[in-house]
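Trainee: Next up is a structure, given as structure tokens.
The values are calculated or read from the model by the stated rules, or taken from the named source; none is laboratory data. What you are looking at is a predicted structure, and each value in this text was computed from that prediction instead of being measured. Here the Cβ is made from the backbone with ideal geometry for all residues, glycine too, and neighbour counts use every protein chain on show. Areas reflect the complete protein model, heavy atoms only, side chains present, ligands, DNA and RNA absent. Shrake-Rupley method; radii C 1.70, N 1.55, O 1.52, S 1.80 Å.
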Amino acid sequence: METDTTVLDTQKKYGSRALMLAIGAGLLFLAMGQKEICRGLVLGGVFSTVNFALMGQSLRYRLSDNRKAATRRSLASLLLRYVLLAIPLVLSVRSDRFNFPATVVGIFMVQLVIMAEHGKRLILSFGKQ
Amino acid sequence: MMELDVQAWVKVAAFAGGGIAMGLGAVGAAIGEGYTAAQANVAVARSPKISGDIFKNMLVGQAVAESASIFALVVAILLLFIDKGDPNMLKAAALFGAGVSMGFGAIGSGVGSGFPGGQACLGLSRQPAMANRLTTNMLIGSAVCQTPAIFSMVVALMLLFMDFSNAPLHPTWAALIGAGLSTGLAAIGSGYGGGMAAGASCEGVARQPEAVGNVTTIMLVGQAVAQTPSIFGLLVSFILMFKTFPESTQLQAAMALLGAGLCTGFGGIGPGVGNGMAAEGAVRWVARNVKHAADLMRIMLVGQAVSQSTAIYAMVVSLVLIFVV
């Protein structure tokens, strides 16, 4: 139970920050008249967050007692998440409404938020020393 | 009729390249994530009370370790769906080279970035109070491990978007495939080796938290040197992509360029892993004997320089194949 709460908290923290960053950066580009970049960032950011949420939520199913079932579920989860991440990329390649590089940046939004948080913490710790 | 054939070849090359990019790209990240999960199991069995923190660390580590395969996914989707433009046989070679570069290039980084994740989970079970430091160290190590995969993606994107239509078909087709092979293969060793150093660093931080500064510094230096073979690969790829080769329908001219890519590519795998081993040893023992950090760093750098020499031989032979043969 404690494990579920910690994982859920982590997902909420990074997921909401990633979404906020994607929307915030998207709005900034919208204000500059770059609609395609805005749409790409938000689209990628949403799918990045959903992928991260699925990654954590499938943990409890992946860690079942039955090894065969755990292997099956892990593979299914992996496949599902890659298909999910392919959706915004295919959409942005196919449609002019989305900027492709912005969509790519968007699908790395959760990773960017994680790295930024720990990078900040590292810099602050050097500062204290 | 001829035009239709060329168009078909371009599609065949793009689809094969896309399959190789994602197929091989998934291998490394899956192994790396699996390693992290395996070590998380050991850690939970050792300290079940902090299972929540261990799972959190595992999740964050896996999210970053997955980056290499997401790079591969991006390149694969581009290869499958992008407008191929004016079809010609050089375009087909470039698209295939892009897939090869990204596919091979993601293997080492994917596996390597799993090592810090796994060791951080284990370390957490030993030193729960160092959770933040361990996670930060894991993320830095994991991020540096992605560099060879980023080199491969850069080469793949250049092959995808650069216009080679003015170059002669023979032997440029071989140069473009060679460019993909050079960076892609060389990235395997560097990504894996960098991961070894990062894993040892997480173990060291958990073992001796006071030595965190020395451990992180030697990890970064060790990882930087372990990246060198993939930089050689990148250099040969750039030469193969940017140099204009005189037209020659002789097969040996094409094979010399393809061989140049293969030589630096394969030649970079061993030195990348070897450099990682040297860095792993130094980082691990600095944590146990921090007073001798300077000696350990010196021995690591000398060992890495010697291990590097085989990558230099490979690059010299590649340059001979490009400029002399």
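Trainee: Quick one: is B:Phe96 surrounded by 24 or more Cβ atoms within 10 Å (Cβ to Cβ) and of a type in the set (Phe, Trp, Tyr)? Walk me through how you get there before you give the answer.
Mentor: Details: surrounded by 24 or more Cβ atoms within 10 Å (Cβ to Cβ): yes; of a type in the set (Phe, Trp, Tyr): yes.
Yes, satisfied.
Trainee: Whether any residue in segment B:37-59 is assigned to a helix (DSSP H, G or I), of a type in the set (Gly, Ala, Ser) and under 18 Å from the mean Cα position of the chain (by Cα) is what I want to check. Show your work before the answer.
Mentor: Going through segment B:37-59, the residues assigned to a helix (DSSP H, G or I) turn out to be B:37-46, B:48-59.
Next, from what is left, pick out any that are of a type in the set (Gly, Ala, Ser): B:37-38, B:40, B:43, B:45, B:51-52.
So of that shortlist, the ones also under 18 Å from the mean Cα position of the chain (by Cα) come out as none.
Within segment B:37-59, not a single residue is assigned to a helix (DSSP H, G or I), of a type in the set (Gly, Ala, Ser) and under 18 Å from the mean Cα position of the chain (by Cα).
Trainee: How about segment B:71-112: which of its residues are within 12 Å of another protein chain (Cβ to nearest Cβ) and without any contact (Cβ under 8 Å) to a residue 40 or more places away in the chain?
Mentor: Answer for segment B:71-112, where residues must be within 12 Å of another protein chain (Cβ to nearest Cβ) and without any contact (Cβ under 8 Å) to a residue 40 or more places away in the chain: B:Phe81, B:Asp83.
Trainee: Could you please find all residues in segment B:142-172 being small (Gly, Ala, Ser) and within 20 Å of B:Gly25 (Cα to Cα)?
Mentor: Taking segment B:142-172 as the starting set, the residues that turn out to be small (Gly, Ala, Ser) are B:142-143, B:149, B:152, B:156, B:165, B:167.
Result: B:Ser142, B:Ala143, B:Ala149, B:Ser152, B:Ala156.
Trainee: Still on this structure, I have one more. Looking at segment B:207-233, which of its residues are farther than 17 Å from B:Ala294 by Cβ, buried (at least 24 other Cβ atoms within 10 Å of the Cβ) and hydrophobic (A, V, I, L, M, F, W, C)?
Mentor: Those that are farther than 17 Å from B:Ala294 by Cβ, buried (at least 24 other Cβ atoms within 10 Å of the Cβ) and hydrophobic (A, V, I, L, M, F, W, C): B:Ala226, B:Phe232.
Trainee: Output the qualifying pairs, or none if there are none: Cβ atoms under 7 angstrom, residues six or more apart or on different chains, first residue in segment A:38-57 and away from chain B (no Cβ under 13 Å) and over 7 Å from A:Gly106 (Cβ atoms), second residue basic (Lys, Arg) and open to solvent by 20 Å² or more (accessible area, probe 1.4 Å).
Mentor: A:Arg39/A:Arg97
Trainee: Report whether or not B:Gly123 is part of a helix (DSSP H, G or I) and either touching a Cys at 6+ places or on another chain (Cβ under 6 Å) or of a type in the set (Gly, Ala, Ser) (or both).
Mentor: On the way: part of a helix (DSSP H, G or I): yes; either touching a Cys at 6+ places or on another chain (Cβ under 6 Å) or of a type in the set (Gly, Ala, Ser) (or both): yes.
It is true that B:Gly123 is part of a helix (DSSP H, G or I) and either touching a Cys at 6+ places or on another chain (Cβ under 6 Å) or of a type in the set (Gly, Ala, Ser) (or both).
Trainee: Go through (1) aromatic (Phe, Trp, Tyr); (2) surrounded by fewer than 24 Cβ atoms within 10 Å (Cβ to Cβ); (3) within 21 Å of A:Val104 (Cα to Cα) and name the single condition B:Phe71 misses.
Mentor: (2)
Trainee: Is it the case, given these coordinates, that B:Gly85 is on the phi > 0 side of the Ramachandran plot and either out of contact with any Asp or Glu (no Cβ under 7 Å at 6 or more places or on another chain) or not basic (Lys, Arg) (or both)? Step through it out loud before you land on a result.
Mentor: Values: on the phi > 0 side of the Ramachandran plot: yes; either out of contact with any Asp or Glu (no Cβ under 7 Å at 6 or more places or on another chain) or not basic (Lys, Arg) (or both): yes.
Yes; evaluated as a whole, the condition is true for this residue.
Trainee: Does segment A:82-100 include one or more residues that are open to solvent by less than 60 Å² (accessible area, probe 1.4 Å), within 18 Å of B:Met58 (Cα to Cα) and hydrophobic (A, V, I, L, M, F, W, C)? Even if it seems obvious, please write down each step before you answer.
Mentor: Of the residues in segment A:82-100, the ones open to solvent by less than 60 Å² (accessible area, probe 1.4 Å) are A:82, A:84-86, A:88-90, A:92-93, A:95, A:98-100.
Going one step further and asking which of them are within 18 Å of B:Met58 (Cα to Cα), we end up with none.
The answer is no; no qualifying residue exists.
Trainee: Follow-up question, since we're still on this one. Quick one: what pairs do we get from segment A:80-102, first residue of a type outside the set (S, T, N, Q), second open to solvent by 80 Å² or more (accessible area, probe 1.4 Å) and part of a helix (DSSP H, G or I), C-beta under 7 Å, 6+ apart or different chains?
Mentor: Qualifying pairs under 7 Å: none.
Trainee: Also, I was wondering about something else. What is the residue count in segment A:1-42 for residues that are more than 19 Å from A:Leu89 (Cα to Cα) and outside any helix (DSSP H, G or I)?
Mentor: 3
Trainee: Just wondering, is there one or more residues in segment B:181-201 that are over 19 Å from B:Thr310 (Cβ atoms) and either more than 21 Å from the chain's Cα centre (by Cα) or surrounded by fewer than 24 Cβ atoms within 10 Å (Cβ to Cβ) (or both)?
Mentor: Within segment B:181-201 (the criterion being over 19 Å from B:Thr310 (Cβ atoms) and either more than 21 Å from the chain's Cα centre (by Cα) or surrounded by fewer than 24 Cβ atoms within 10 Å (Cβ to Cβ) (or both)), the answer is no, since none of the residues qualifies.
Trainee: Which of the residues spanning segment A:93-129 are at the interface with another protein chain (Cβ under 10 Å from one of its Cβ atoms), hydroxyl-bearing (Ser, Thr, Tyr) and either under 21 Å from the mean Cα position of the chain (by Cα) or closer than 21 Å to A:Lys35 by Cβ (or both)?
Mentor: Within segment A:93-129, A:Thr103 is the sole residue that qualifies.
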